[in-house]
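Colleague: Handing you this structure, nothing more for now.
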């Protein structure tokens, strides 16, 4: 949307840059966390944990920026929806960073141990979730409200993988109690990967609200700006 207020345009564009910058950071953080699990790379693990501090700083900065724009410029309609959408996305990005940190810590604990599950399956699940996150951010950049429905279907695929992997890990733990620590650690990793997929789906759903004014979580409800 074009405005006569050039200062507002600058602020909004700056906010978009902050949102996409944070998105890029947490996507890299998540990818590194999965890779550290597969490779046991201590440098990657350290990088993921270091990134967490920057994610937290960006989270606070973007949150304050959103509130400043709302308080000082009083945006309305689609502009207000976008700023509120960024507030929501900002929280989801921060939680993705939290999940990446959890995975990296588990990778550190599992390093050098014999694992009761093929890492290829976890890698496959991680790749799907990374693709979901990239698609969600791209939907925001392009203001594409069609992506949410696609990610809803992919999220079901991720949920099915989570259920299958968890069942296999619990079965392995029952058969080999001596591997209980490794099995439980991987169960937590699987849960973290699935949660990142949920956050990616959330981001795409916020785009629907920004573009159309309808909350896709409650399609029969009133428009967001009614």
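Colleague: Quick test for you: out of 132, 173, pick the one residue that is over 19 Å from residue 22 (Cα atoms), in contact with a helix residue (DSSP H, G or I) (Cβ under 8 Å, 6 or more places away or on another chain) and assigned to a helix (DSSP H, G or I).
Modeller: Details: 132 fails: over 19 Å from residue 22 (Cα atoms).
Residue meeting the stated conditions: 173.
Yes/no per residue for (1) over 19 Å from the mean Cα position of the chain (by Cα); (2) modelled with pLDDT under 95:
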position: 26; (1), (2): no, no
position: 38; (1), (2): yes, yes
position: 43; (1), (2): yes, yes
position: 52; (1), (2): no, yes
position: 59; (1), (2): no, no
position: 70; (1), (2): yes, yes
position: 76; (1), (2): yes, yes
position: 81; (1), (2): yes, yes
position: 95; (1), (2): no, no
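Colleague: Looking only at the stretch 135-149, which residues are farther than 29 Å from residue 36 by Cβ and in a helix (DSSP H, G or I)? Can you show your working first?
Modeller: First, the residues of the stretch 135-149 that are farther than 29 Å from residue 36 by Cβ: 142-146, 148-149.
Selection gives 142, 148, 149.
Colleague: Do we have residue 137 as touching a residue at least 24 places away in the same chain (Cβ under 8 Å) and surrounded by 14 or more Cβ atoms within 10 Å (Cβ to Cβ) here? Outline the logic, then answer.
Modeller: On the way: touching a residue at least 24 places away in the same chain (Cβ under 8 Å): yes; surrounded by 14 or more Cβ atoms within 10 Å (Cβ to Cβ): yes.
It is true that residue 137 is touching a residue at least 24 places away in the same chain (Cβ under 8 Å) and surrounded by 14 or more Cβ atoms within 10 Å (Cβ to Cβ).
Colleague: Could you tell me whether the stretch 93-112 includes any residue that is under 18 Å from residue 206 (Cβ atoms) and surrounded by fewer than 20 Cβ atoms within 10 Å (Cβ to Cβ)? Explain how you work it out, then say what you get.
Modeller: Looking only at the stretch 93-112, we keep the residues that are under 18 Å from residue 206 (Cβ atoms), and these are 93-97.
Next, from what is left, pick out any that are surrounded by fewer than 20 Cβ atoms within 10 Å (Cβ to Cβ): 95.
Yes, because at least one residue in the stretch 93-112 is under 18 Å from residue 206 (Cβ atoms) and surrounded by fewer than 20 Cβ atoms within 10 Å (Cβ to Cβ).
Colleague: When you look at residue 30, is it part of a helix (DSSP H, G or I) and surrounded by fewer than 18 Cβ atoms within 10 Å (Cβ to Cβ), yes or no?
Modeller: For residue 30, the condition - part of a helix (DSSP H, G or I) and surrounded by fewer than 18 Cβ atoms within 10 Å (Cβ to Cβ) - is not met.
Colleague: Another question, if that's okay. For the stretch 161-187, how many residues meet the condition of being under 20 Å from residue 127 (Cβ atoms) and either surrounded by fewer than 14 Cβ atoms within 10 Å (Cβ to Cβ) or over 22 Å from the mean Cα position of the chain (by Cα) (or both)? Give the steps one after another, and end with the answer.
Modeller: Step one: of the stretch 161-187, the residues under 20 Å from residue 127 (Cβ atoms) are 161-166, 168-169, 186-187.
Now drop any that are not either surrounded by fewer than 14 Cβ atoms within 10 Å (Cβ to Cβ) or over 22 Å from the mean Cα position of the chain (by Cα) (or both), which leaves 163-164, 168-169.
Here the count works out to 4.
The values are calculated or read from the model by the stated rules, or taken from the named source; none is laboratory data. Remember, it's a predicted structure, so these values are computed and weren't measured experimentally. Neighbour counts are summed over all protein chains in view; Cβ atoms, including those assigned to glycine, are modelled from backbone coordinates with ideal geometry.
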